[in-house]
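The values are calculated or read from the model by the stated rules, or taken from the named source; none is laboratory data. Small disclaimer: the values here were computed from a predicted structure and weren't measured. Counting neighbours? That spans all protein chains shown, and the Cβs are built from the backbone with ideal geometry, glycine included.
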Amino acid sequence: MTDIKSQTLLELQKEMEELGEPKFRAKQLYGWIHEKLVDSFDEMSNLSKPLREKLKNRYELTALEIVKVQKSKQDGTCKFLFRLPDGNVIESVLMKYYYGNSVCISSQAGCRMGCRFCASTLNGLERNLRASEMLDQVYQIQKWSKERVSNVVVMGTGEPLDNYDELLCFIQLLTGEGGLHISQRNITVSTCGIVPGIRRLADEKLQITLALSLHASNQEKRRKIMPVANKYELSEVLDACRYYFEQTGRRITFEYSLADGINDGREDAEELAALLKPLNCHVNLIPINPVRERDFVQPDDHTVTNFKNKLEKSGINVTIRREMGRDIDGACGQLRKSYMDTEKVR
């Protein structure tokens with residue numbers, strides 16, 4: 001069956017023509033799906049019953065099931081576990097800021113990148129998510145919270161550029177007219193550094209923010225933390241980031257997870273500052289969120305502050321990410337993995 005939630009308005013118009021329906025039906029359908037966020041064809045009350053039956057027989061309308069919601073007592077952050085139509089589970093996070101609600105979504109069920117500090121990759125990659133499954137994380141959270149989502153971060157489980165075509169379709173549907181119409185400038189896509197994907201995304205000339213997971217100040221150390229560094233040299237990755245800025249005018253965000261005794265020393269800070277000084281960028285320091293299956297430890301506040309100060313003295317724009325959801329399996333992939341482990345025991 002055709003996945004109707006992943007279709008653009010133009011594609012829907014062609015589908016309605018094939019069904020012998022007038023062109024305006026496509027706009028009605030698109031509005032029900034992407035504005036009113038319905039979960040079934042039966043809710044589309046201004047469509048005739050025969051047409052709704054026809055749609056049911058021909059199309060799949062993706063609707064994720066909320067399996068579990070964890071809410072932080074510390075800051076109100078909510079973590080969602082969703083079940084996909086095939087039984088796989090993924091997770092998403094709702095974070096509330098003064099400027100609006102931000103949702104962090106997954107782009108894959110599992111991940112094959114193998115980053116050493118991440119829980120998302122522990123069980124490998126199950127499959128890519130469809131654009132509709134990425135969208136519906138946002139839609140279900142907006143319906144659940146009864147509040148508008150204004151910012152979306154593709155930084156949950158999975159490597160977005162490893163699922164490029166579906167990611168691009170997702171961005172087009174999320175930012176286009178007739179849906180939630182979220183500004184491209186309010187979308188951030190994270191990558192561990194897939195160079196061809198970064199360059200390809202740059203050529204799209206979108207106005208989204210690219211966030212590169214850097215986590216090390218040199219190639220040797222990065223290779224130990226992130227297997228993707230065995231394929232792409234750090235110099236190649238930074239050249240791709242420069243190209244992204246040249247094509248889009250959007251400055252790069254570098255995500256840098258600080259792990260005690262691994263990448264948080266004075267020499268690391270000095271090397272990182274020298275590496276990034278020529279670039280128009282922002283550094284987001286993330287005191288690492290410990291994962292049970294990994295042996296990385298979070299550095300103390302003094303070490304984190306010193307690292308930040310050394311970067312700032314070199315003229316680097318830097319912030320320390322505010323920790324959110326620490327009391328609710330906050331690290332990416334933790335809730336999904338704990339649920340899957342529990343299910344195996346049963």
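Taking residue 322, is it in the same structural domain as residue 209 (by TED's automatic domain parsing), at pLDDT below 65 and either assigned to a loop (DSSP other than H, G, I, E, B) or on the phi < 0 side of the Ramachandran plot (or both)?
In short, no.
Residue-wise test of (1) surrounded by fewer than 17 Cβ atoms within 10 Å (Cβ to Cβ); (2) closer than 23 Å to residue 166 by Cα; (3) in contact (Cβ under 8 Å) with a residue 12 or more places away in the chain.
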position	(1), (2), (3)
44	no, no, yes
47	no, no, yes
66	yes, yes, yes
91	no, yes, yes
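Keeping to the stretch 206-224, report how many residues are over 19 Å from the mean Cα position of the chain (by Cα), surrounded by fewer than 20 Cβ atoms within 10 Å (Cβ to Cβ) and in contact (Cβ under 8 Å) with a residue 24 or more places away in the chain.
Total satisfying the criteria: 3.
So if I check each of 274, 259, which one is of a type outside the set (D, E, K, R) and exposed (fewer than 15 other Cβ atoms within 10 Å of the Cβ)?
On inspection, the qualifying residue turns out to be 274.
How many residues, within the stretch 1-11, are touching a residue at least 12 places away in the same chain (Cβ under 8 Å) and surrounded by fewer than 17 Cβ atoms within 10 Å (Cβ to Cβ)?
4
Since residue 14 meets every condition but one in (1) free of Cβ contacts under 8 Å to residues at least 24 places away in the same chain; (2) crowded, with 19+ Cβ neighbours inside 10 Å; (3) not acidic (Asp, Glu), which condition does it not meet?
Among (1) free of Cβ contacts under 8 Å to residues at least 24 places away in the same chain; (2) crowded, with 19+ Cβ neighbours inside 10 Å; (3) not acidic (Asp, Glu), residue 14 violates only (2).
Please specify each residue of the stretch 68-89 satisfying the condition of being over 23 Å from residue 41 (Cα atoms), in a loop (DSSP other than H, G, I, E, B) and either in contact (Cβ under 8 Å) with a residue 24 or more places away in the chain or within 19 Å of the chain's Cα centre (by Cα) (or both).
Within the stretch 68-89, 72, 73, 74, 75, 77, 88 meet the criteria.
Tell me, please, whether a residue that is of a type in the set (Ser, Thr, Tyr), modelled with pLDDT of 95 or more and closer than 21 Å to residue 60 by Cα can be found in the stretch 128-141.
Looking for residues that are of a type in the set (Ser, Thr, Tyr), modelled with pLDDT of 95 or more and closer than 21 Å to residue 60 by Cα, one finds at least one in the stretch 128-141, hence yes.
Restricting the search to the stretch 49-70, which residues are touching a Lys or Arg at 6+ places or on another chain (Cβ under 8 Å) and over 20 Å from residue 5 (Cα atoms)?
67, 69, 70
Residue 289 passes all but one of (1) in contact with a Ser or Thr (Cβ under 9 Å, 6 or more places away or on another chain); (2) modelled with pLDDT of 95 or more; (3) not small (Gly, Ala, Ser); which number fails?
Every condition holds for residue 289 apart from (2).
Yes/no matrix, rows are residues, columns are (1) under 22 Å from residue 168 (Cβ atoms); (2) basic (Lys, Arg); (3) free of Cβ contacts under 8 Å to residues at least 60 places away in the same chain; (4) outside the structural domain of residue 212 (by TED's automatic domain parsing):
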{"position": "97", "(1), (2), (3), (4)": "no, no, yes, no"}
{"position": "111", "(1), (2), (3), (4)": "yes, no, no, no"}
{"position": "115", "(1), (2), (3), (4)": "no, no, no, no"}
{"position": "119", "(1), (2), (3), (4)": "no, no, no, no"}
{"position": "138", "(1), (2), (3), (4)": "yes, no, yes, no"}
